[in-house]
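Novice: Have a look at this one before I ask anything.
The values are calculated or read from the model by the stated rules, or taken from the named source; none is laboratory data. In this text, all values refer to a predicted model and were calculated from it rather than measured experimentally. All Cβ positions, glycine included, derive from the backbone under ideal geometry; neighbour counts span all protein chains shown.
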Amino acid sequence: MNDSISRATYDQVMIPNYVPADFIPVRGLGSRVWDQEGREYIDFAGGIAVNGLGHCHPELVDALTEQAGKLWHVSNVFTNEPVLRLARRMTELTFAERCFFCNSGAEANEAAFKLARKFASDHFGPEKNEIVACHNAFHGRTLFTVTVGGKYTEGLAPLPGGIQHIVFNDIASLEAAVTDRTCAVVIEPIQGEGGVMPADPAFIQAARDVCDRHDALLIFDEVQCGMGRTGELYAYMYYGVAPDIMTTAKALGGGFPIGGILTTERVAASFGPGTHGSTYGGNPLACAVALRALDIISRPEVLAGVRQRHDRLVAGLVALNGKHGVFKAFRGRGLLLGAVLSDAYAGRAREVVKAAERQGLMLLVAGADVVRMAPALIISEEEIAAGLSRLDAALDDLATTL
């Protein structure tokens, strides 16, 4: 058997639902990554907002190593100390009174939508089952969550019913859609995959008000925008509006898979024994790492640093754009940023990402017209400067293709 591994191996052995980059990362430290050839990259992608503390943060390595020598898995037939410590800390730091842990953002959203329907059925009857979501949203890749998101459903019919979609940030659309049959309204405070679109404060407040009027639950999907990404521990804190259920994942584990839902005691009561579960959910390894990540990210100096890095990164992007004229707008909060391409570069976001790769910079897209950046929350000034320099070179190269 040939033991050599290359990008071509992917095409030989993997189901082709992804189109990965041409290089294979093999090592990371902080906001730098090295490939099989030893080439260095500056990481502005952050594992799609997962590596909140960068690669191989020493405190996360210590937490994982310590727990790995104690207990890996017992299932939810038992509880364990790390999951209880994590849940207790989550309830201390947020609006929540109860937690449930799973393995991903999609699973967290699936659980949240199920809980909303179960709560409505328990309190108001089974006919109160409609979910109102936003166009251009993304909530995961399960059949239920992809239907609520409203995209990526081609060829998957029949889809779950009882879901309506409204225009994001359109209060009139929201108020027209919510009725006494609505069990929940779900919103991303910042739409990530949908182009890094922040919700207007008035829209968030209107969602809270209309849910209260119609006895519906307000769900915030903070899988991507939570865990310090906006400069607040969770984005709802920026808006000053608490949801009834919030989902979290991605940076919660700093790279170790974990997701969860946070909610109130009253809502949580509808998930009694046997109503929902996850064999791996609340795994001791994942929860030990997540607790350490939460303790670091929740430090005031770390959250303040996110806001400072936002200003530095945006200033650098504006300066670059003065030279290249590639972007027409920058949007987002904290270190979840979207650079919207100018009309001359419309539809070429993936080309920008590819050009950046050739210069040793890792970026993301958020649709065909938006280059997305979600670097580590503690990325250094030096790494920001190096990344911007490499983006400068990439945009020089890209200009030659116009």
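Novice: For the condition assigned by TED's automatic domain parsing to the domain that holds His324, surrounded by fewer than 21 Cβ atoms within 10 Å (Cβ to Cβ) and touching a helix residue (DSSP H, G or I) at 6+ places or on another chain (Cβ under 8 Å), what is the one hit in Asp369, Asp343?
Specialist: Asp369
Novice: Can we say Ala315 is outside the structural domain of Asn80 (by TED's automatic domain parsing) and over 30 Å from Thr65 (Cβ atoms)?
Specialist: It is true that Ala315 is outside the structural domain of Asn80 (by TED's automatic domain parsing) and over 30 Å from Thr65 (Cβ atoms).
Novice: Looking at the stretch 37-139, what strands (runs of 3 or more DSSP E) fall wholly within it and have at least 3 residues that are outside the structural domain of Arg292 (by TED's automatic domain parsing), touching a residue at least 12 places away in the same chain (Cβ under 8 Å) and not aliphatic (A, V, I, L, M)?
Specialist: Correct list: 40-43.
Residue-by-condition table, conditions (1) assigned to a helix (DSSP H, G or I); (2) touching a helix residue (DSSP H, G or I) at 6+ places or on another chain (Cβ under 7 Å):
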{"residue": "Ile204", "(1), (2)": "yes, yes"}
{"residue": "Asp212", "(1), (2)": "yes, no"}
{"residue": "Arg229", "(1), (2)": "no, yes"}
{"residue": "Gly281", "(1), (2)": "no, no"}
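Novice: Just to verify a result, which residue in the stretch 143-160, among those that are assigned to a loop (DSSP other than H, G, I, E, B) and not small (Gly, Ala, Ser), is farthest from the chain's Cα centre (by Cα)?
Specialist: Ranking the candidates gives Pro158 first.
Novice: A further question follows. Kindly state which helices (runs of 4 or more DSSP H) lie completely within the stretch 300-402 and contain at least 3 residues that are within 25 Å of Tyr234 (Cβ to Cβ) and either free of Cβ contacts under 8 Å to residues at least 24 places away in the same chain or in contact with a strand residue (DSSP E or B) (Cβ under 6 Å, 6 or more places away or on another chain) (or both).
Specialist: 300-324
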